[in-house]
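**Student:** This is the structure I have questions about; it appears just below.
None of the figures in this text is laboratory data; all of them are computed from the coordinates on show. For clarity, every value in this text was computed on a predicted model and none was experimentally measured. For neighbour counting, all protein chains shown are included, and Cβ atoms are generated from backbone atoms with ideal geometry for every residue, glycine included.
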Amino acid sequence: MIRLEKRPQPSRIWTVATPVLAVALTMVAGGLMFAALGKDPVVAIRTIFWDPLFNEQFASYSRPQLLVKAGPLILIATGLSLGFRAGIWNIGAEGQYIMGALAGAGVALALYPLDAWFLFPLMVLAGALGGWAWAMIPAILKTRFRTNEILVSLLLVYVAEQVLAAMALGLMKNPEGGGFPGSRNLQHYPAAANTELIAGTGMHWGVAAAFIAVIAAYVMLTRHMLGFQIRLAGQSPRAARFAGVNPNALVLICLGLSGALAGLAGMFEVSGPAGRVNIGFNQGYGFTAIIVAFLGRLHPVGILLAGLLMALTYIGGELAQFMLGIPAAAIQAFQGMLLFFLLGVDVLSNYHIRLGRRRVA
Amino acid sequence: MTALLKVEGLTRAYPGVVANDRVSFDIAEGEIHALLGENGAGKSTLVKMIYGLVQPDAGGMTLRGRAYAPAEPSAARKAGVAMVFQHFSLFDALSVAENIALGMETPPPMRQLAARIRAVSETYGLPLNPARLVGDLSAGERQRVEIIRCLLQDPKLLIMDEPTSVLTPQEVSILFATLRKLAAEGTAILYISHKLEEIRTLCDRATILRRGRVVESCIPREKSAADLAEMMVGARLDTPARAGGSPGEVVLEVTGLSLPSATPFGTSLRDISFSVRAGEILGVGGVAGNGQDELLAALSGETPVTPGAVRLKGRPIGALGPSPRRRIAVLAAPEERLGHAAAPDMSLTENALLTAAIREGLAARGFLNWPATRAFAERVIADFDVRTPGPGNAARSLSGGNLQKFVIGREVLQRPEVLVVNQPTWGVDAAAAAAIRQALLDLAQAGAAVIVISQDLDELMEISDRFAALNEGRLSPPRPAQGLTLEEIGLMLGGAHDMEVAHVAD
Amino acid sequence: MDLSAINPAVLAASLMVAATPILLAAIGELVVEKSGVLNLGVEGMMITGAICGFAIAVETGSPVLGFLAAMLGGAALSLVFGFLTQVLMSNQVATGLALTLFGLGFSALIGQGYVGIKPPAMAKPDLGPLADIPVLGRILFSHDLIVYLSLGLVVAVWVFLRFTRPGLILRAVGENHDAAHALGYHVVRIRLAAIAFGGACAGLGGAYLSLIRVPQWTEGMTAGAGWIALAIVVFASWRAGRVLLGAYLFGGVAVLQLNLQAAGVAVPVELLSASPYLVTILVLVIMSADRGRAALNAPASLGRVFHASN
């Protein structure tokens, strides 16, 4: 018989080892899935995890893509992890991402063709504000009426998608676009474009922002009172109130920060890699970032690594689709599986697993 | 006397501790048998094995001469063993009748069950309305639900785990009458307690457990309470020393404090007024669930109240939260150690930061000074003899007594002017309890105003200068503790809640 | 704009159809939450049910087998959640999200070959003269079996929770799992059963979307229905009868906005499309603002991890 015994304190080794174990288990299970689809599992796994980085034929294209994809994931996940640690569940980052993009692009499109140095910083500010404002809706409803923030933030994603559609078809539609939906391409508007900072690396302002966010979050969580309060509130809410933490303030801060970071990610995306506001511009980064946050164990450094890994599955997935005909949906299922395994093996960090009958100590 | 239940060599180990080590004893029909021991002596594990909640690693039991090894509680119930839990196994949002049905193997239809509940409650003098929600009942009434649940199944053996900790003295005597009547009818009662006087009045025999082993078996009437205490603890304990000093000026003054309940089954505070002087200990007694948590929250600042309701040396502080109150040296230690006073998964260093950041200057402009925090945690550990490998260990890895010493020590070392503690020695071993009481006395001696909220009347009589009782959210006017009789205290606590009408039928 | 084109009887009838998937998912989730478990993976189980039902119905030509497969698929996925949260004690919120993320990907994967296919139609029961009653017949007696099944399920859940002993035990487990354990009830087993039931209901609801309501398969076709079902359980303050009310209210909004879109009302299409979500948020706010009443019905152990410590 298998039994679980609670550890007197969480195991440090397993805390680090569980994500690695989860990735390994996902590769095995994913391999089985690919085999079921009639593909060679070893080739599939290699195509996803190895070829984008080390296959000479693809690496030159894929390596920069790694940062392009990882940037928004890390940025969003860092924000989400703060809330998740405090037990505040913002799962509507996708909506905040859209609203940030709309706000940022809106500023650029409104001022077009103004050519000024302050345009891009203004867009950054607008993007953060857009995401922040959208996240304030569940935050205020939660603090004012105790409405469940999980449901509200999620439902607002669907509302944001409708706003995006309305913008792409209406207000922000490119007047010179021949009637097609979608805005002007900001890549062709130098003052507003989020360009590659170092050519050939994929490094753009959004990636820089992601690195800054990781460092700031790390300092906050380990060295600052706010970080301590966030951790405390998540672990024992009553102890947090006793310590003088105002739970409502924490809700506003955590949702606000994660919304602002998601908004920033959206803004950097629309002014950079995506280029324009259009229907379906959002690609699910807001949801994948949830997986990234957990895979990184809600730790900034972990999130950095997890974001890169998850970006790799995107790029490798595209490659596998192109080379082996593995459907894109398989990658999505693969990412979902990763989260399952991660949550499952997490039991190891808090519990001993004992086999067989108990012996007298 | 024929043995009803015979326990032979029961052994059960948990990681790192042998909770029961070859425990043997027996109970006769109609006998009231005490199981006496300190917190952590292994009483709970033993009764859980008898009730089928835990399986022994070794040893066995016989019930009426036949092998008895219940795999789960329903098997125990079928065999005629019933149990009244210390932390009630009740469901707040369900009715009395539903709660009782859940504890029965084959409950009759609800209407018949309600009639039977009424009948049994009449017979044993335990009035109860089957339709009421359990969450709305007082602690004493909730215990009645548990007892009636057991009685409806005609148990041969009734296990009672610390049943009087939630009762007023008057309610205790009614319970004892009920138990004696049951015993006279032939039911055996296994009575678990650490209250020595109770055991001397009620029980026919006593088995004493210490660190998981049976150390003695005796007839409690023939022993003094001090003898029993020595058997239980294994050493003579000194009662805390108190030097009688005259109290100083009024430090904390509470006037007309009212606070509506925040939760559906919580207690509202109603028009509470009292004052505490420097150097004085005010004891606040009361049965569980009469507003203790709420009072502590209002005094610690967790639930802010109207500014004038709480005053520190005349200055209104009712609206201040916990942090501003700490700044002016008003400190508190709540009842629940894990999850309220301390965060279970955080280290002792982090738990030191939890309340000491302000007064110990552990944060500058929000940035934390970890070395200083660690040093403070180490100081608490050293000064209060907290047994732990070091401040890096998680709070949940400490025993109850050690964690409580840490929690109290953390506040005491911050030089409070006012300290409010709730249940400071609940679930703590006798040595740690004595150390904590001494620390509170010393703190008052040094000039602090101390408020001790507790359900342990012996404790309050031992350390408080004045005594007030909390009953349904109201506080009685404080009276000098010296010279108060148990009878008077009982009446202050509300006497026998709603039980005047009831009398045990012979 | 021509509002006269909206026939109230047809509207009421299509309201019931629109509400059925959500009603099914919500009544299942109600049972799950009453047992003290918060499964946020309803969306994932619904879409898994939608594709499982669709695929099997297309392959076998039998919608009934499709619905059965949908229930199995939903239950199987929910048991993954059950295993993780009840046996491995993972966080329920995170695991529920994982279920949704996985379900969306998994269903899209299976659904590759089924895009653009029409599923076999389900025969409607002929209620004879009942269906011929003017207005009422159109509204109440012209539906397929699943609509009636969903109504029956609401009644069955109400009776189960209110009057039966297993229902009482289920509520007790959700109210205080430690006390239930102390009395000897198998908390984990009872919860797993509730989770599987919830999964089957969500799967059935999803298949109703893909086989009857729409009827065809598109990726992500549940479009938040699972989340709305979760909101309806809160709206209903954990009462079966009010789940019905909530689901039909939502169905009403959904159908009305579609009709208004068709009638060309001078309101932006996007606002109409967003209205079901906005209405759901509004309803959630109203319910949560009213603390006392709703709090009493919420299972006290909802979402808390249970680990028998002995």
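**Student:** So if I take the alpha carbon set of the protein assembly as shown, get Rg, then get Rh from the Kirkwood formula, what is the Rg over Rh ratio? Don't skip to the answer; put the middle values down first.
**Tutor:** Numbers: Rg = 32.6 Å, Rh = 32.8 Å.
So for the protein assembly as shown, dividing Rg by the Kirkwood Rh gives 1.00.
**Student:** What does the net charge come to around C:LEU99 if you take all other residues with beta carbon closer than 13 Å to its beta carbon, with K and R at +1 and D and E at -1? Let's see the in-between values first.
**Tutor:** On the way: positive: none; negative: C:GLU29, C:GLU43.
It works out to a net charge of -2.
**Student:** Compare the peptides B:96-103, B:450-457 by average per-residue count of other Cβ atoms within 10 angstrom and give them in order, highest first. Don't skip to the end; give the middle numbers.
**Tutor:** Details: B:96-103: 25.1, B:450-457: 23.5.
The packing order, highest mean first, is B:96-103, B:450-457.
**Student:** So which residue, out of C:ALA70, C:ALA108, C:ALA266, gets the largest mean-square fluctuation from a GNM of chain C using Cα contacts under 10 Å as springs?
**Tutor:** C:ALA266
**Student:** Let me have the relative contact order for the stretch B:250-492, percent, based on Cα pairs under 8 Å that are six or more residues apart. Mind showing how you got there, number by number?
**Tutor:** Numbers: 494 pairs, mean separation 67.4, N = 243.
Taking the mean separation of contacting Cα pairs over the length of the stretch B:250-492, I get 28 percent.
**Student:** While we're here: Under a plain spin-label model, where a point goes 7 Å from the Cα along Cα-to-Cβ, how far apart in nm are A:ILE353 and B:ASP442?
**Tutor:** Taking the two extended label points, one gets 4.8 nm.
**Student:** Now, a different point. Starting at the first residue of the stretch C:243-255, write each ³J(HN,Hα) from the Karplus equation 6.51 cos²θ - 1.76 cosθ + 1.60 with θ = phi - 60°, in whole Hz, x for Gly and Pro.
**Tutor:** 4, 4, 4, x, 5, 6, 4, 5, x, x, 4, 4, 5
**Student:** Just order A:171-180, B:396-405 by mean Cβ neighbour count inside 10 Å, highest at the front, would you? Provide the component values of the computation, followed by the final result.
**Tutor:** Values: A:171-180: 12.3, B:396-405: 22.0.
Per-residue mean Cβ counts within 10 Å order the peptides as B:396-405, A:171-180.
**Student:** Under the definition of partner shielding as Cβ atoms of other protein chains within 10 Å of a residue Cβ, what is the mean value for peptide C:105-117?
**Tutor:** Details: counts 12, 8, 3, 6, 12, 3, 2, 5, 0, 0, 0, 0, 0.
That works out to 4 on average.
**Student:** Helix-only mean residue ellipticity at 222 nm, chain B, DSSP H runs n ≥ 4 weighted -39,500 (n - 2.57), per residue, nearest 500. What is it?
**Tutor:** Mean residue ellipticity at 222 nm (helix-derived): -9500 deg cm²/dmol.
**Student:** Set the Förster radius R0 to 22 Å, insert the Cβ-Cβ distance between B:ASN393 and B:PHE367 as r into 1/(1 + (r/R0)^6), and round the FRET efficiency to 0.05. Walk me through the numbers before you get to the answer.
**Tutor:** On the way: r = 25 Å, r/R0 = 1.12.
According to the calculation, E is roughly 0.35.
**Student:** Okay, moving on. So what J values fall out for the stretch C:171-185 if you push phi through Karplus, 6.51 cos²θ - 1.76 cosθ + 1.60 with θ = phi - 60°, rounded to Hz, Gly and Pro as x?
**Tutor:** For the stretch C:171-185, the Karplus-derived couplings read 5, 4, 4, x, 7, 7, 5, 5, 5, 4, 5, 4, 7, x, 7 Hz, x marking Gly and Pro.
**Student:** Assign unit charges at the C-beta atoms only (+1 for Lys and Arg, -1 for Asp and Glu), then state the dipole size of chain B relative to its Cα centre in Debye, rounded to the nearest 20. Each step should come with its number before you reach the end.
**Tutor:** Values: 51 positive and 58 negative charges, 170 e Å.
Charge dipole, chain B, about its Cα centre: 820 debye, nearest 20.
**Student:** Then there's this: For the stretch B:317-376 and the stretch B:220-237, what is the separation of their Cα centres, given in Å?
**Tutor:** 39 Å
**Student:** Related question: Considering every residue in C:220-231, what mean count of other chain Cβ atoms within 10 Å of its Cβ is obtained? Before the final figure, lay out each step's value.
**Tutor:** Details: counts 0, 0, 0, 2, 6, 0, 1, 8, 4, 0, 5, 7.
Taking all residues of C:220-231 together, the mean is 3.
**Student:** Expressed in nm to one decimal, what extension gain is obtained for the pair B:GLU185 and B:ARG64 from 0.36 nm per residue of sequence separation less their Cα-Cα distance?
**Tutor:** Numbers: separation 121, 0.36 × 121 = 43.56 nm, distance 1.68 nm.
Contour length minus the Cα-Cα distance gives 41.9 nm.
**Student:** Let me ask something additional. Could I have the simple spin-label model distance between C:VAL269 and C:ASP132, label points 7 Å from Cα toward Cβ, reported in nm to one decimal?
**Tutor:** 4.2 nm
**Student:** Please give the calculated 222 nm ellipticity per residue for chain C, where each DSSP H segment of at least 4 residues contributes -39500 (n - 2.57) and the sum is spread over every residue; nearest 500 deg cm²/dmol? Walk me through the numbers on the way to the answer.
**Tutor:** Numbers: 14 runs with 215 residues, N = 310.
So the helix-based figure for chain C works out to -23000 deg cm²/dmol.
**Student:** I've got another one for you. Based on the mean of other beta carbon atoms within 10 Å per residue, what is the order of C:120-133, B:462-475, most packed first?
**Tutor:** On the way: C:120-133: 12.6, B:462-475: 21.6.
By packing density, highest mean first, the sequence is B:462-475, C:120-133.
**Student:** For the stretch A:330-354 and the stretch A:112-175, what is the separation of their C-alpha centers, rounded to whole Å?
**Tutor:** Spelled out, the Cα-based centre of one part sits 33 Å from the other.
**Student:** Another question, then. If amide hydrogens are placed 1.01 Å from N in the peptide plane, which non-local residues have theirs closer than 5 Å to the one on B:ASN422?
**Tutor:** Distant-sequence amide H within range of B:ASN422: B:ALA333, B:GLU335, B:ILE453.
**Student:** Tell me the Kirkwood radius of chain B: reciprocal of the mean inverse pair distance over distinct alpha-carbon atoms, in Å. Numbers along the way, then the final one.
**Tutor:** Values: mean 1/r = 0.0413 Å⁻¹.
One decimal place: 24.2 Å for the Kirkwood radius.
**Student:** Only Cα pairs under 8 Å and at least 6 apart count here; give the relative contact order of chain C as a rounded whole percent.
**Tutor:** Details: 572 pairs, mean separation 114.1, N = 310.
Normalised by residue count, the contact order of chain C is 37 percent.
**Student:** Okay, moving on. With the cut-off at 28 Å, tell me which of the pairs B:LYS48/B:LYS195; A:LYS173/C:LYS118; B:LYS181/B:LYS223; A:LYS6/B:LYS156; B:LYS156/C:LYS34; B:LYS195/B:LYS313 have Cα atoms farther apart than that.
**Tutor:** A:LYS173/C:LYS118; A:LYS6/B:LYS156; B:LYS156/C:LYS34; B:LYS195/B:LYS313
**Student:** Hey, how many Å between the Cα centroid of the stretch B:387-464 and the Cα centroid of the stretch B:185-206?
**Tutor:** The stretch B:387-464 and the stretch B:185-206 have Cα centres spaced 30 Å from each other.
**Student:** Taking beta carbons within 10 Å but only from partner chains, what does the mean come to for residues B:116-128?
**Tutor:** Numbers: counts 0, 0, 0, 0, 0, 0, 0, 0, 0, 0, 0, 0, 0.
Per residue, the number of nearby Cβ atoms from other chains is 0 on average.
**Student:** For chain A, what does the helix formula give at 222 nm: sum of -39500 (n - 2.57) over DSSP H segments with n ≥ 4, over the residue count, nearest 500 deg cm²/dmol?
**Tutor:** Values: 15 runs with 255 residues, N = 361.
Rounded to the nearest 500, it is -23500 deg cm²/dmol.
**Student:** Shifting gears a bit: What does the net charge come to around B:PHE25 if you take all other residues with beta carbon closer than 14 Å to its beta carbon, with K and R at +1 and D and E at -1? Mind showing how you got there, number by number?
**Tutor:** Numbers: positive: B:LYS6, B:ARG22, B:LYS43, B:ARG205, B:ARG210, B:ARG213; negative: B:GLU8, B:ASP21, B:ASP26, B:GLU31, B:ASP204, B:GLU216.
That works out to 0.
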